[in-house]
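Notes for the one structure printed next.
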Amino acid sequence: MAAFVCGGAAHAEGYPSRPIRMIVPYAAGGGIDATARLFAKAMAQQLHASLIVENRPGAGGMIGAEAAVRAAPDGYTVLFSGNPELGSSPRFYGHAPYDPTKDLRPVAMVAESPTVVVASPSLQAATLRDALALGRKDPTLLTVATAGVGTTHHFALEALRHKSGVNLLHVPYKGAAPATMAVLGGQTKMAIVGLPPAWPYIKSGRLLAYAVLQPKRSAFLPEVPTIEQATGMKGLDAFATWYGLVVPARTPDAVVAVLEQAARKVLAEPQLAQALAVQGTEVQPLFGADFGRRIQHEWELYGELVKQYGITAEHEGKAGPAK
């Protein structure tokens, strides 16, 4: 029955005929994990097959991505990826075990959410300008959690550090959820994370939202300024968090067609859009070559940021504030 609902290309392949492993390269409980599980449930209904989510966190998403790259290209291992492991993390480490533009094949970009700068009210800074002013007075004050070294959020932190001249002390975690918990628990003063894990605490007042790192205000946080509005600094607004489905590069066309067809149906469903909106994520469908161009753009973007700011594993922990 699964083959018949998946379109003509699937008839010859009999795909899928067994459960599909969906690797999520971050810890459970974060924005990407929550989005992946909603997407996996909807895809399972379309494909009439089980999709089993497997969290493989570490190295800015690259551990999970490498596991997907090394898996058999048969459609039974897929990667629900964030943009770090397809752009910023390989550029940061400089010796990634895979090339995201060659070793992974884009199927569908699924959704996007704002990246937000949040802080504990205990910092006693009402705005990001106020927080940066405190950091200028005390260079050891502003500890900032992110989802990990080499992630989009880490690059955003380094760009803010260089442009502001303030010593923002990076504290990496294995995902946005533990990074959010760090600032809630007082282990750090601030965090730069995707919105989903932080949004409930922003709404309850347990976290202050200072800025979104994108060109326009977010419909989810209309009262929160953009990073340029919050600081007056340009060039800090290209760090949105997005998620998409990719597969090993040599996955057969027929299998990719089945997955893309199912994703198109899933992403057109209002129920998924509504469920994602509840957690601060917006459906942003791109398919095939269009999604590939988005990946290529970010691959080039983070290459330029590495050159501009020296954001590499070699310099992590060594770079001080801009002079």
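The values are calculated or read from the model by the stated rules, or taken from the named source; none is laboratory data. Just so it is clear, the structure is predicted and the values come from calculations on it, not from any experiment. As a convention, Cβ positions derive from the backbone with ideal geometry for all residues, glycine included, and neighbour counts pool all protein chains shown. With ligands, DNA and RNA removed, areas are computed over all heavy atoms of the protein, side chains included. Shrake-Rupley method; radii C 1.70, N 1.55, O 1.52, S 1.80 Å.
A few comments on the model shown:
- If you filter region 65-75 down to residues that are out of contact with any Leu (no Cβ under 7 Å at 6 or more places or on another chain) and either assigned to a helix (DSSP H, G or I) or among the aromatic types (Phe, Trp, Tyr) (or both), you find that the one that is least open to solvent (accessible area, probe 1.4 Å) is 67.
- Matching residues in region 99-117 - criterion: being out of contact with any helix residue (DSSP H, G or I) (no Cβ under 7 Å at 6 or more places or on another chain) and either open to solvent by less than 10 Å² (accessible area, probe 1.4 Å) or over 24 Å from residue 271 (Cβ atoms) (or both): 99, 102
- Strands (runs of 3 or more DSSP E) fully within region 189-304 that include at least 2 residues being touching a Pro at 6+ places or on another chain (Cβ under 9 Å) and open to solvent by less than 10 Å² (accessible area, probe 1.4 Å): 208-212, 241-248.
- Taking the numbered list (1) modelled with pLDDT under 95; (2) under 20 Å from residue 249 (Cα atoms) in turn, residue 67 passes all entries but (1).
- Residue among 306, 278, 247, 258 that is of a type in the set (A, V, I, L, M), at pLDDT 90 or above and closer than 20 Å to residue 65 by Cα: 247
- Residues within region 158-176 that are more than 14 Å from residue 235 (Cβ to Cβ) and open to solvent by less than 10 Å² (accessible area, probe 1.4 Å), tallied: 3
- Residue in region 251-270 that is free of Cβ contacts under 8 Å to residues at least 60 places away in the same chain and more than 21 Å from residue 86 (Cβ to Cβ) present: yes
- Residues in region 202-234 that are free of Cβ contacts under 8 Å to residues at least 40 places away in the same chain and in contact with a helix residue (DSSP H, G or I) (Cβ under 7 Å, 6 or more places away or on another chain): 234 alone.
- Residues (part of a loop (DSSP other than H, G, I, E, B), closer than 25 Å to residue 290 by Cβ and not hydroxyl-bearing (Ser, Thr, Tyr)) located in region 76-106: 83, 87, 96, 99, 100, 102, 103
- Any hit, region 77-98, residues being over 16 Å from the mean Cα position of the chain (by Cα) and at pLDDT 95 or above: yes
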